[in-house]
Amino acid sequence: MIMKKLSLLLLLAVATSLSLIGQDAPNPTLNTAIRKHGLEKSKVMDIASWMCDVYGPRLTGSPMLDKATDWAQKTLKDWGMSNVHLEAWGPFGRGWEFTHFAMHATAPNYFPIIAYPKAWSPATKGVLSGEVIYLQADDEEDLKKLKGKLKGKFVLLDTIRTLKEWMDAPAKRYTSEDLLDMANAAAPGRRPDRDFNRLGGLSFNQKLFKFIMEEEPLAVLDRGFKGDLGTVFVTGARAEEGRVQDPKAKVIPQATLSVEHYNRIFRMMQKGIPVTLSMELKANYTNPDGMEHNIIAEIPGTDLKDEVVMLGAHFDSWHTGTGATDNGAGSSVMMEAARIILETIKETGIKPRRTIRLALWTGEEQGLLGSRGYVKEHFANTSPEGTIQSIKEAEQSKISGYFNLDNGTGKIRGVYLQGNAGVSPVFRAWLDPFKDLGAATLTLQNTGGTDHQAFDAAGIPGFQFIQEPIAYSTRTHHSNMDNWDHLVEDDLKQASTIIASFVLHTAMRDEKLPRKATELKAGSN
């Protein structure tokens, strides 16, 4: 009797396993067409050139982002995408653009300085000229001694950073050992809640910056904690209080110098030699209505058209490069994946069962604002601070999954499962046909800081792909070298092909993708 029961259980397990395998076995007809249009007839580099060379950079709230948005909508419509439209989120606040910047050392001798203004720095109203001073302060007593000494000066905030010559290439790919470590990693634990009570009050760093603002120097200058050989990592300026995007925020000119030029100025000052600089910045605050927009486009489904599978990437960038690896790469790949799916439908006659929805997000660099705004509008109720409190079941229950790409130009090596063990056998089946392209790793780990997290927080299966690091962190991420020339064509072709297959197979599946257990409750819409 016991043996009969064991045999029956074994047969049921085998049958269940075969059923899952049968459901998730990739369609060879679809994958053959996807490979053809993704690898042999790719347009991803041309898409990226339009996005970055012509319509870059794409700072949130800037006129160039608006032009890029118009181009993207027209392109998607021309390809045959349906329901192409913008969805507003916000308010974001004021945007910013700069049209001229120059910095020079004028004494004790002349040399041009490699430097970039921080986003949302105000215009200088002509050429500023003044002496450099290093602000060294460890406490409020030091600040009292400096009172009245900063006005009309360029203030240096950082000390010298010692450089070491590169003996190894700044770019790398994952080794088999790296990927094995990812595959063997445990599921991520729950993030601890932040203790906002402990964060209350002004830290000394905040007091320091408030003091600088009140003293009204000509500009505040720093150098990045990384970067050399003319590569400068630059993001946004600081306001005296609050966000720099707030129309009433007080901001003074701020710039980041190449470390070599910063160090040279500092060394001369250490020798007791006064250094004088000149700087001119022409800049404007933009986006008067304060709102921003995500770009949405669809490929209609058939029998399950009310259900959705989404793919997306952030469209916005910082301002010193053209936003190529961050994140023109991801946006170009996702647009290309949508194009590949359209061509595959034309060639095979096989239409997706679920509706496929492409999203290009804005405001990611300021805190996943576009994707969080979309999730708030469609899938979840949130607190004033942005914490998800309950789900909007009517729409949230109809989305099968969201796929994201935002880790540079490197090819896909697998998928971060975000702790969702249930999708592992599904994705394993879908990855197997692409082992020859180097994609085979599944890890329960999560990678943070990008738009899939907005969906995961709302109980939706959201995934970011494992990508080769290349020189993302060492050279291009948020730097003046983030340009089209640092995109790796074969890697982007590979990524577009694999993502097109994942999205289309998600759309064809009988069931939606498995979901993690969640404590979120349904709430009123």
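For the reader, a short list of remarks on this structure follows.
- Single residue of the stretch 76-96 satisfying the filter (out of contact with any Pro (no Cβ under 9 Å at 6 or more places or on another chain), among the charged types (D, E, K, R) and not in a strand (DSSP E or B)) that is surrounded by the fewest Cβ atoms within 10 Å (Cβ to Cβ): Asp78
- Single unsatisfied condition, Arg428 versus (1) more than 23 Å from Ser400 (Cβ to Cβ); (2) surrounded by fewer than 20 Cβ atoms within 10 Å (Cβ to Cβ): (1)
- When the test is whether a residue is part of a strand (DSSP E or B) and crowded, with 24+ Cβ neighbours inside 10 Å, Phe502 does not pass it.
- Taking (1) farther than 25 Å from Ser400 by Cβ; (2) touching a residue at least 60 places away in the same chain (Cβ under 8 Å); (3) surrounded by fewer than 17 Cβ atoms within 10 Å (Cβ to Cβ) in turn, Leu487 satisfies each apart from (3).
- The strands (runs of 3 or more DSSP E) found wholly in the stretch 348-455 and carrying at least 1 residues that are in contact with a Phe, Trp or Tyr (Cβ under 8 Å, 6 or more places away or on another chain), among the β-branched types (Val, Ile, Thr) and under 28 Å from Ala171 (Cβ atoms) occupy 412-416, 441-443.
- The one condition in (1) modelled with pLDDT under 95; (2) buried (at least 24 other Cβ atoms within 10 Å of the Cβ) that Ile412 fails to fulfil: (1)
- Some residue of the stretch 379-400 being free of Cβ contacts under 8 Å to residues at least 12 places away in the same chain and of a type in the set (Asp, Glu): yes
- Candidates Thr99, Thr162, filtered to the one that is surrounded by fewer than 11 Cβ atoms within 10 Å (Cβ to Cβ), in a loop (DSSP other than H, G, I, E, B) and of a type in the set (Val, Ile, Thr): Thr162
- Residue under evaluation Thr387, criteria (1) surrounded by fewer than 23 Cβ atoms within 10 Å (Cβ to Cβ); (2) within 11 Å of the chain's Cα centre (by Cα); (3) of a type outside the set (Gly, Ala, Ser), criterion not met: (2)
- Being modelled with pLDDT under 95 and either of a type in the set (Asp, Glu) or more than 15 Å from Ser331 (Cα to Cα) (or both) is a property that Ser82 lacks.
- Any hit, the stretch 229-240, residues being within 20 Å of Asn480 (Cβ to Cβ), part of a strand (DSSP E or B) and polar (S, T, N, Q): no
- Pairing each residue of the stretch 40-57 that is among the hydroxyl-bearing types (Ser, Thr, Tyr) with any residue that is at pLDDT 95 or above and in a helix (DSSP H, G or I), provided the two are 6+ apart or on different chains, yields C-beta distances under 6 Å for Ser42/Lys493; Ser49/Trp484; Tyr55/Lys67; Tyr55/Ala68; Tyr55/Trp71.
- If only residues of the stretch 461-497 that are of a type in the set (Val, Ile, Thr) and closer than 20 Å to Leu311 by Cα are counted, the one that is nearest to the chain's Cα centre (by Cα) is Ile466.
- Boolean, Gly148 is more than 30 Å from Ile466 (Cα to Cα) and surrounded by fewer than 12 Cβ atoms within 10 Å (Cβ to Cβ): yes
This table checks each residue for (1) closer than 30 Å to Val503 by Cα; (2) assigned to a helix (DSSP H, G or I).
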residue	(1), (2)
His261	no, yes
Phe266	no, yes
Ser278	no, no
Leu281	no, no
Asn284	no, no
Pro288	no, no
Ala297	yes, no
Thr302	yes, no
Glu307	yes, no
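- Identity of the residue in the stretch 351-377, among the β-branched types (Val, Ile, Thr) and either farther than 30 Å from Asn31 by Cβ or not assigned by TED's automatic domain parsing to the domain that holds Leu76 (or both), that ends up surrounded by the fewest Cβ atoms within 10 Å (Cβ to Cβ): Val375
The rows are residues; the columns are (1) in contact with a strand residue (DSSP E or B) (Cβ under 8 Å, 6 or more places away or on another chain); (2) among the aliphatic types (A, V, I, L, M); (3) under 17 Å from Ala187 (Cα atoms).
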| site | (1), (2), (3) |
| --- | --- |
| Leu431 | yes, yes, no |
| Thr443 | yes, no, yes |
| Gly449 | no, no, no |
| Gln453 | yes, no, yes |
| Phe463 | yes, no, yes |
| Gln467 | yes, no, no |
| Leu492 | no, yes, no |
| Ile499 | yes, yes, no |
| Phe502 | yes, no, no |
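- Residue match in the stretch 44-55 (condition: modelled with pLDDT of 95 or more and small (Gly, Ala, Ser)): yes
- Whichever residue in the stretch 281-306 is surrounded by 18 or more Cβ atoms within 10 Å (Cβ to Cβ) and of a type in the set (Asp, Glu) and, among such residues, is farthest from Leu156 (Cα to Cα): Glu298
- Of all residues in the stretch 456-490, those satisfying the criterion of being in a helix (DSSP H, G or I), over 18 Å from Lys516 (Cβ atoms) and not charged (D, E, K, R) are Tyr472, Ser473, Thr474, Thr476, Trp484, His486.
- Count of residues meeting criterion [part of a loop (DSSP other than H, G, I, E, B), over 22 Å from the mean Cα position of the chain (by Cα) and more than 22 Å from Asp456 (Cβ to Cβ)] in the stretch 170-188: 1
The values are calculated or read from the model by the stated rules, or taken from the named source; none is laboratory data. Since we're looking at a predicted model, the values are computed, not measured. Positions of Cβ are generated from backbone atoms using ideal geometry, with glycine treated the same way; all protein chains shown enter the neighbour counts.
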